[in-house]
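The values are calculated or read from the model by the stated rules, or taken from the named source; none is laboratory data. Small disclaimer: the values here were computed from a predicted structure and weren't measured. A quick note on method: Cβ atoms are made from the backbone with ideal geometry, for glycine too, and the neighbour counts reach across all protein chains shown.
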Amino acid sequence: MQQPIPPALLLKVAQEAASKASVIARNQREALSVSVSFKGDRNLVTTADIAAEKVIIETIKQHFPDHTILAEESGKTLAPERYGEGYVWVIDPIDGTTNYAHGHYHVGISIGCALNGEVVAGVVVAPFLNETFTATKGGGAFLNGSPIKCTNTATVEDALLVTGFPYNRINVHNICARIERAVRRCRDLRRLGAASLDLCWIACGRIDGYFEETLNPWDCAAGCLIAKEAGAVIAHYDYDCDSQKLTVDFPGDLFVDNLVCAPPTLMPDLLATLNG
């Protein structure tokens, strides 16, 4: 059995890796050297994604050569339930690749470390906003080293919400119906394009509630920990399409189907609205 590692040490390695990846992301875009290809009809991958993931994995393996990696560009290399065994690093080298490729700033580098399915350390770096969000299990959440907390908004009418759209639009009818229910009640709704940062913006109070379907663990492992350590809670709205069932076999915090994140004061009203 692997001996427990202090979460602070895991976070230090995650920050080291994210810092190296940030340099790659910034340098490639500033040099106009980013090459774009497609993994699906709408799902982009860039040379920066590949290079950033490589340096992140190399950095982690230098410190923890026996730890498991679950990364977006490398994909799932084990059966889902195996990611609940021991230490697993959950990596999105560039979250918001479409934003990145189009020159937008809402881009995140997300690295979380899970132990037996529970995320215990996480960092999300926004390389174009000079912001670093961090958290360890039970240790609170921070933005550039300063503590952060979510809002205490209690009703959807008072809430600024954020969502995202899946690459697979097979469930677009239900997605639009859910958004309509939210828009009819909420203060306003944003679609920013990077789940990791959306969750961090819940954590620091810029957004009140977040919901999205067909996420993968690398999209939100670190962001969910940061949001929870800032006082938010995680839930899941009801399934209405089989396309939403992407992570049903993943353990613990790596199950992220139909994700909802909000302050505990808001969650009951937000869930009721989303479920109709």
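Being touching a residue at least 60 places away in the same chain (Cβ under 8 Å), crowded, with 18+ Cβ neighbours inside 10 Å and more than 18 Å from ALA121 (Cβ to Cβ) is true for just one of ALA194, ALA227, ALA203. Which residue is that?
Result: ALA194 is the single residue among ALA194, ALA227, ALA203 that is touching a residue at least 60 places away in the same chain (Cβ under 8 Å), crowded, with 18+ Cβ neighbours inside 10 Å and more than 18 Å from ALA121 (Cβ to Cβ).
Go through the stretch 195-218 residue by residue and tally those that are touching a Leu at 6+ places or on another chain (Cβ under 8 Å) and of a type in the set (Ser, Thr, Tyr).
Residues in the stretch 195-218 being touching a Leu at 6+ places or on another chain (Cβ under 8 Å) and of a type in the set (Ser, Thr, Tyr): 2 in total.
On the given criteria, is PRO65 surrounded by fewer than 15 Cβ atoms within 10 Å (Cβ to Cβ), modelled with pLDDT of 95 or more and farther than 18 Å from PRO127 by Cβ?
yes
Among (1) under 18 Å from ASN27 (Cβ atoms); (2) more than 16 Å from the chain's Cα centre (by Cα), there is one condition LEU78 misses while meeting the rest; what is its number?
(1)
Taking the conditions exactly as written (modelled with pLDDT of 95 or more, buried (at least 19 other Cβ atoms within 10 Å of the Cβ) and more than 12 Å from the chain's Cα centre (by Cα)), does TYR237 satisfy them or not?
Values: modelled with pLDDT of 95 or more: yes; buried (at least 19 other Cβ atoms within 10 Å of the Cβ): yes; more than 12 Å from the chain's Cα centre (by Cα): yes.
Yes; evaluated as a whole, the condition is true for this residue.
Cβ-Cβ below 9 Å, separation at least six or inter-chain, first residue in the stretch 154-176 and touching a residue at least 60 places away in the same chain (Cβ under 8 Å), second of a type in the set (Phe, Trp, Tyr): which pairs?
Close Cβ pairs satisfying both conditions: LEU161/TYR210; LEU161/PHE211.
Could you check the stretch 150-189 and list, in sequence order, the residues that are polar (S, T, N, Q) and within 19 Å of ALA272 (Cβ to Cβ)?
Listed by number, the residues that qualify are THR151, ASN152, THR153, THR155, THR163, ASN174.
Please work out which one of (1) modelled with pLDDT of 90 or more; (2) under 19 Å from ALA17 (Cβ atoms); (3) surrounded by fewer than 17 Cβ atoms within 10 Å (Cβ to Cβ) is the condition GLY75 fails and give its number.
(1)
When you look at LEU246, is it under 27 Å from THR77 (Cβ atoms), within 14 Å of the chain's Cα centre (by Cα), at pLDDT 95 or above and not small (Gly, Ala, Ser), yes or no?
For LEU246, the condition - under 27 Å from THR77 (Cβ atoms), within 14 Å of the chain's Cα centre (by Cα), at pLDDT 95 or above and not small (Gly, Ala, Ser) - is not met.
Just to be sure before I move on: is ILE50 farther than 25 Å from PRO166 by Cβ, out of contact with any helix residue (DSSP H, G or I) (no Cβ under 6 Å at 6 or more places or on another chain) and not acidic (Asp, Glu) in the structure I sent? Let's see the steps before the verdict.
Working: farther than 25 Å from PRO166 by Cβ: no; out of contact with any helix residue (DSSP H, G or I) (no Cβ under 6 Å at 6 or more places or on another chain): yes; not acidic (Asp, Glu): yes.
No.
Applying the selection to the stretch 227-257, what residues are charged (D, E, K, R), part of a loop (DSSP other than H, G, I, E, B) and within 16 Å of GLY84 (Cα to Cα)?
ASP249
Could you please give the count of residues in the stretch 159-184 that are part of a helix (DSSP H, G or I), surrounded by 15 or more Cβ atoms within 10 Å (Cβ to Cβ) and not β-branched (Val, Ile, Thr)?
Within the stretch 159-184, residues that are part of a helix (DSSP H, G or I), surrounded by 15 or more Cβ atoms within 10 Å (Cβ to Cβ) and not β-branched (Val, Ile, Thr) number 4.
Looking only at the stretch 196-230, count how many residues are out of contact with any helix residue (DSSP H, G or I) (no Cβ under 8 Å at 6 or more places or on another chain) and closer than 14 Å to LYS149 by Cα.
Looking only at that region, the number is 5.
Scan CYS261, CYS200, CYS224 and give me the residue that is in a strand (DSSP E or B) and within 12 Å of the chain's Cα centre (by Cα). Give the derivation first.
On the way: CYS200 fails: in a strand (DSSP E or B); CYS224 fails: in a strand (DSSP E or B).
Selected residue: CYS261, the only one of CYS261, CYS200, CYS224 that is in a strand (DSSP E or B) and within 12 Å of the chain's Cα centre (by Cα).
Can you report the number of residues in the stretch 231-276 which are touching a residue at least 24 places away in the same chain (Cβ under 8 Å) and closer than 24 Å to ARG185 by Cβ?
The total comes to 29.
Filter the stretch 136-155 down to residues that are in contact with a helix residue (DSSP H, G or I) (Cβ under 7 Å, 6 or more places away or on another chain) and under 20 Å from TRP89 (Cβ atoms) and give me whichever is surrounded by the fewest Cβ atoms within 10 Å (Cβ to Cβ).
Step by step, filter the stretch 136-155, then rank; the result is GLY139.
Looking at this structure, is ILE226 closer than 16 Å to THR153 by Cα, touching a strand residue (DSSP E or B) at 6+ places or on another chain (Cβ under 8 Å) and in the same structural domain as ASN171 (by TED's automatic domain parsing)? Give the derivation first.
On the way: closer than 16 Å to THR153 by Cα: no; touching a strand residue (DSSP E or B) at 6+ places or on another chain (Cβ under 8 Å): yes; in the same structural domain as ASN171 (by TED's automatic domain parsing): yes.
No.
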